[in-house]
Amino acid sequence: MSEDFEDFTPGFYWEIIDNNGIQNGEYYWGVDSYKPHWGDFSIWCARNGYDGLDPEYNEYPDSCESWMVYGPFSLTDAEDAELLFYWWLRSEVNCDTFFWGASYDNDWFYGNYAFGSYLGFWYQNFDLTDVYEIGDLCGYPLVWIAFVFTSNATNTDSGVYIDDITLHKSVPTPDLIVERITPSNSNPNIGNNIYVDVIIKNQGSVGASGFYTGLYYNPAQPPDISTSENQKKWVGYLDAYDDTLITFTNITSTEPITWHIYSMADCDGNVDETSENNNVEGPTTVNWWDPSTFPDLVIDKVTVSTYCPYVTDSVFVNVRIKNQGDSRVYYPFGFYTSIFYDTTDAPIAPLDGDDWHHSPYPLYPDESESFSFILPAPFDLDYHWSMWLLVDSDNIITETNEYNNVFGPLEFSWWDEPTYKMPLIGRDQIIENAMEFTLIEWICPVVNAITPYDTCDFWSSNYIVGQTYWGEPYEYGGCDDTGQFRCNLDKGLRAGALGISEFCPLPPGGYAWATGIECAALVWRTYNAGWHSTKNLDEIGNWIFGWVEYLLKGDYLLTYDKHTFIFESWGKNNLMNVIEAANFLDIDDDNSSEARYLTRSDTFYTQYNAYQYKNVQEVTGYDPDRAGDANSDGQVSVSDQTFLINYIFKGSNIRPHPMWRGDANGDCNVSISDIVYIISYLFKGGAPPKYCTDCESRTCYYYP
């Protein structure tokens, strides 16, 4: 019920009376235009009756008892009820009262009241579920409401005006929604039948009887009750707060298309609901595919920077995926390629990996996409990994072949970080280690003989596929040890520097390649020092002052941007015999490419600085200034006699170093007389060896 008093006629439901009759005059409620809330009219407490007054010119009378009652009405089916209205009041305080209330017997009314000045219209919500004394009136078959104004025998005022009354009840109704739409296959082939499960729920407080639920395959816009359904199903009854499963079957398409499926509860609008605006759910997407034109994703190529990294290294894994199918890869959210760091078994989609790459764009036939993963070091120090890659790891792309998405295993061997150690080592052991290094043998694989065009377009590899080489190849320095080098070769990977070349900078994910024999590897392995870098070679040795005189076997020669080598002995004509990592045909006399024993002229070695390894272990009683020590081992012995015989009579290319060490008798010449002098000293009690006195000092080495 609503009443704005614009066209008001009492009677039937409304009863308006003067409750004390004509005893004090007859005054009761009546419509007047003097003070409306909205529109032209409101109702005033004393406007009608035999003695009714005009409020524009009069105040309400004394001893007034004006009643206005509406009813009866039923709240049997109500779950909520309220009386809404606007009122204006000015009356004698504590005496003249405006009352509003409700009753279930039209005899006793209960409610609220006001007196005094309430100027301006006040909005009132009288809750019929919480009435003073009687409580909730919902469920009562007969209910009345009343507006009452009473005054005493003295003092009057403007009285009370009421306008815009609304009596409202809420009746429980069903409320149908589509809770879920689930196709049996979201990517079916054309011609195949699928089914769609639809769950309908009644979230209202009473049951719903007799309604249809519709399914709409691909409407132009969300459906309403005027939209034609592709299928609809009858539901006889759905209890309050209950749900039901409806299955739509035999759904197919004969053409490749993307459907946006909707469902609508009560699609004919038969049920009176709490809300008529929440019956539609969707869209749910179904992609119909032509199997002859499916995409086919494969991992086309994988390259890694090294299969044998140190645990502190960053390892780049370059991946190229390709669509080798006949149609583009289409999925609105893209697809993923996942990497599995360490697992025994091949992964099967859908499966989350340890890292992933998102491909957000369609991939057309024969189109490829490349990206990189960076491997972390193994946290649990499990030093062997079997790594796998899986394209479409969520299994959301329908493909011609679903069984060719895996690549692997890639076997990784992680190495402890190299240590910088300084062990003691004798000079003979130094030479032995250096020679053993030159015997590291390997056969060049294809990857080490091909210039990486994607990294450097002007630098060609020096290697020949299938040819045997000796020594550890490298690209101008790095930190691999021999084991890592062999590991990479065994796995078909380029053996080369992990760092960046100043000639051909490597982009992220770019890989170096071998271009020569690594001289730093020779030096570090010779001294058993562990580390492996040209940058620190000067830190493990002491610079030899007056280096030519004091250079002994096992010392090394070093200068910036030059090939480093190990000194072995002096040769004839002031030549130097060295062990080094040979740099191919330009310096190998026999046209081989092995790292080995070579001879260098003074024009070569004078460019270098000489260093003695800091932890070289000299022989007991070693004296580097000892005359007669022809072989420079720090003592005079039979080996010096043999050394001189080989040098003087057998044409040995190794001479005393420096020459004054072979001059045992001090005559400034190295000859057979020095052999005789040493024999006399060692076996006949002769005088000890002595220095030549014809030179300004014994550093003189210009011997015939």
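Quick notes on this structure:
- For the range 670-704, the tally of residues that are at pLDDT 85 or above, within 26 Å of Thr599 (Cα to Cα) and in contact with a Pro (Cβ under 7 Å, 6 or more places away or on another chain) stands at 1.
- Of all residues making up the range 11-32, the number that are exposed (fewer than 13 other Cβ atoms within 10 Å of the Cβ) and part of a loop (DSSP other than H, G, I, E, B): 4
- Apart from one condition, Asp107 fits all of (1) within 60 Å of the chain's Cα centre (by Cα); (2) without any contact (Cβ under 8 Å) to a residue 24 or more places away in the chain; the exception is (1).
- When residues of the range 612-650 are limited to those that are modelled with pLDDT of 80 or more and in contact with a Leu (Cβ under 6 Å, 6 or more places away or on another chain), the one surrounded by the fewest Cβ atoms within 10 Å (Cβ to Cβ): Gln617
- Matching residues, the range 531-571, being modelled with pLDDT of 80 or more, surrounded by 18 or more Cβ atoms within 10 Å (Cβ to Cβ) and not in a loop (DSSP other than H, G, I, E, B): Leu537, Ile540, Gly541, Tyr556, Leu557, Leu558, Phe565, Ile566, Phe567, Glu568, Ser569
- Some residue of the range 42-64 being polar (S, T, N, Q), buried (at least 20 other Cβ atoms within 10 Å of the Cβ) and either in contact with a strand residue (DSSP E or B) (Cβ under 6 Å, 6 or more places away or on another chain) or assigned to a loop (DSSP other than H, G, I, E, B) (or both): yes
- Which numbered condition Pro423 misses (of (1) in a loop (DSSP other than H, G, I, E, B); (2) under 22 Å from the mean Cα position of the chain (by Cα)): (2)
- Filter result (under 60 Å from the mean Cα position of the chain (by Cα), of a type in the set (D, E, K, R) and in a strand (DSSP E or B)) within the range 65-93: Asp80, Glu82
- For the range 506-530, a residue qualifies if it is assigned to a loop (DSSP other than H, G, I, E, B), under 20 Å from Ile579 (Cα atoms) and modelled with pLDDT under 85, and the qualifying residues are Thr515, Glu518, Asn528, Ala529, Gly530.
- So Thr303, is it among the hydroxyl-bearing types (Ser, Thr, Tyr), farther than 27 Å from His260 by Cα and exposed (fewer than 14 other Cβ atoms within 10 Å of the Cβ): no
- Total residues in the range 151-166, condition in a strand (DSSP E or B) and surrounded by 21 or more Cβ atoms within 10 Å (Cβ to Cβ): 6
- Matching strands (runs of 3 or more DSSP E) fully within the range 314-377 where at least 1 residues are at positive phi and in contact with a helix residue (DSSP H, G or I) (Cβ under 7 Å, 6 or more places away or on another chain): none
The values are calculated or read from the model by the stated rules, or taken from the named source; none is laboratory data. All values reported here derive from a predicted model rather than from experimental measurement. As a convention, Cβ positions derive from the backbone with ideal geometry for all residues, glycine included, and neighbour counts pool all protein chains shown.
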